[in-house]
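The values are calculated or read from the model by the stated rules, or taken from the named source; none is laboratory data. As the structure is a prediction and not an experimental result, all values here were calculated from the model. Every residue, glycine among them, receives a Cβ derived from its backbone with ideal geometry; neighbour counts consider all protein chains shown. Heavy atoms of the whole protein, side chains included, go into the accessibility calculation; ligands, DNA and RNA do not. Shrake-Rupley method; radii C 1.70, N 1.55, O 1.52, S 1.80 Å.
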Amino acid sequence: MQHRRVVFVIFEGFQSLDLSGPFEVFQQADRAAPGYDCRIVAPVAGPVRSAGGLRVHADHGIADLDPAGIDTLVLAGGGGVDEAARNADLVGWIAGAGATARRVTSVCSGVFLLAAAGLLDGRRVTTHWSRDGQLRREHPGLTVDTRPIFVRDGRVWTSAGVTAGMDLALALVEDDLGREVAHTVAQHLVLFLRRPGSQAQFSVPLWSAQPATDPVRAAVSAVHADPGSPHTLAGLAARAGLSPRHLQRRFTAELGVGPGEYVERVRVEAAQRELTGGDEPVAAIARRCGLGSSESLRRAFHRHCGVTPTDYRNRFRTTEGDTDT
């Protein structure tokens, strides 16, 4: 393996897992296939306090680490990122390092530092779901999508919060060294090798509230347990122990969407997972996920995703995520 310098940028108030998770992935990869040279840089060398109080020693300050020669730049996020983005010296160093690095990446709200450094203009990016509104307001030139856990747009990779940084790092290792090395690292760290970048940040949907009562919860659980089942209003009502009319009213009141729309969205999410996990024909996936035909799946994808199932598969089928260039 060729020599690759990976530089992690931290600051006062950074999220410690945004650093330690990806750092361990690269360190394990280096043991399997030596060649990664991991460095930690901060505005000033020395102990840096994380948002949770953990202190990490940065061996380098921006004044003594040449921004040239960096292969991969990794920016941590955390509660202190807003103040860090106002540090002109730090942002200037990131801009210089990012201009020549082979790829630039961020974990969680570290995307704000990449944006402040002018490295994201016109890009599609993600971040932690709680920062969605702020990122859109402060950087309207970006295409912000906080549904996936990580996004690749050319040489720029951005990820959602905290543990998603490890998924991102595994994807970077696989991009460099192949699936076998990434698999070895994942086994050692007891991680999923491939949690696709397209996987949603939440195991519960952000597009609805959560059920407040047991009858509605029973109906919702039935839908998630088997999205491909018929799930008629009458069938769900029987699960809930309510009349169809009563379930319709309570379901909509508690979740903000009706049973029919909820079922369709869950089926689309199931189809998204299957499209990124293999090469099975779209028509077969549509049938198994309860959407009937490829045409029905296509219409549902247009309503909820804005793309066709084939376009979605081409974007997200591998850990490389988006490759828009």
Unmet criterion (only one of (1) open to solvent by 60 Å² or more (accessible area, probe 1.4 Å); (2) out of contact with any Leu (no Cβ under 9 Å at 6 or more places or on another chain)) for Gln248: (2)
Index of the failed condition, Arg315 passing every other in (1) surrounded by 22 or more Cβ atoms within 10 Å (Cβ to Cβ); (2) at positive phi: (2)
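Let's see how each residue does on (1) surrounded by fewer than 21 Cβ atoms within 10 Å (Cβ to Cβ); (2) at pLDDT 90 or above:
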| position | (1), (2) |
| --- | --- |
| Thr158 | no, yes |
| Ala169 | no, yes |
| Arg179 | yes, no |
| Phe192 | yes, no |
| Gln199 | no, no |
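Take the residues in segment 252-263 that are without any contact (Cβ under 8 Å) to a residue 40 or more places away in the chain and more than 23 Å from Ile285 (Cβ to Cβ), then tell me which one is surrounded by the fewest Cβ atoms within 10 Å (Cβ to Cβ).
The first filter runs over segment 252-263 and keeps only residues without any contact (Cβ under 8 Å) to a residue 40 or more places away in the chain, leaving 252-253, 258, 260-261.
If we keep only those that are more than 23 Å from Ile285 (Cβ to Cβ) too, we end up with 252-253, 258.
Numbers: Thr252: 15, Ala253: 12, Gly258: 15.
So the residue we want is Ala253.
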Meets criteria (buried (at least 22 other Cβ atoms within 10 Å of the Cβ), touching a strand residue (DSSP E or B) at 6+ places or on another chain (Cβ under 7 Å), within 15 Å of Ala169 (Cα to Cα) and among the acidic types (Asp, Glu)) for Asp18: yes
Close pairs from segment 24-47: first in contact (Cβ under 8 Å) with a residue 60 or more places away in the chain, partner part of a strand (DSSP E or B), Cβ under 7 Å, at least 6 apart: Phe26/Val6; Phe26/Tyr36; Phe26/Cys38; Ala29/Tyr36
Conditions (1) modelled with pLDDT under 80; (2) open to solvent by 50 Å² or more (accessible area, probe 1.4 Å); (3) in contact with a helix residue (DSSP H, G or I) (Cβ under 8 Å, 6 or more places away or on another chain); (4) of a type in the set (Ser, Thr, Tyr); number of the one not met by Thr276: (2)
Hey, Gly92 surrounded by fewer than 23 Cβ atoms within 10 Å (Cβ to Cβ), modelled with pLDDT of 95 or more, at negative phi and not in a strand (DSSP E or B) or not: yes
Out of Arg49, Arg39, Arg5, sole residue that is among the charged types (D, E, K, R), touching a Ser or Thr at 6+ places or on another chain (Cβ under 9 Å) and either at pLDDT 95 or above or open to solvent by 30 Å² or more (accessible area, probe 1.4 Å) (or both): Arg5
Pair list, Cβ < 9 Å and 6+ apart or interchain, from segment 227-251 residues that are more than 25 Å from Ala286 (Cα to Cα) and among the hydroxyl-bearing types (Ser, Thr, Tyr) to residues that are open to solvent by less than 30 Å² (accessible area, probe 1.4 Å) and part of a helix (DSSP H, G or I): Ser243/Ala237
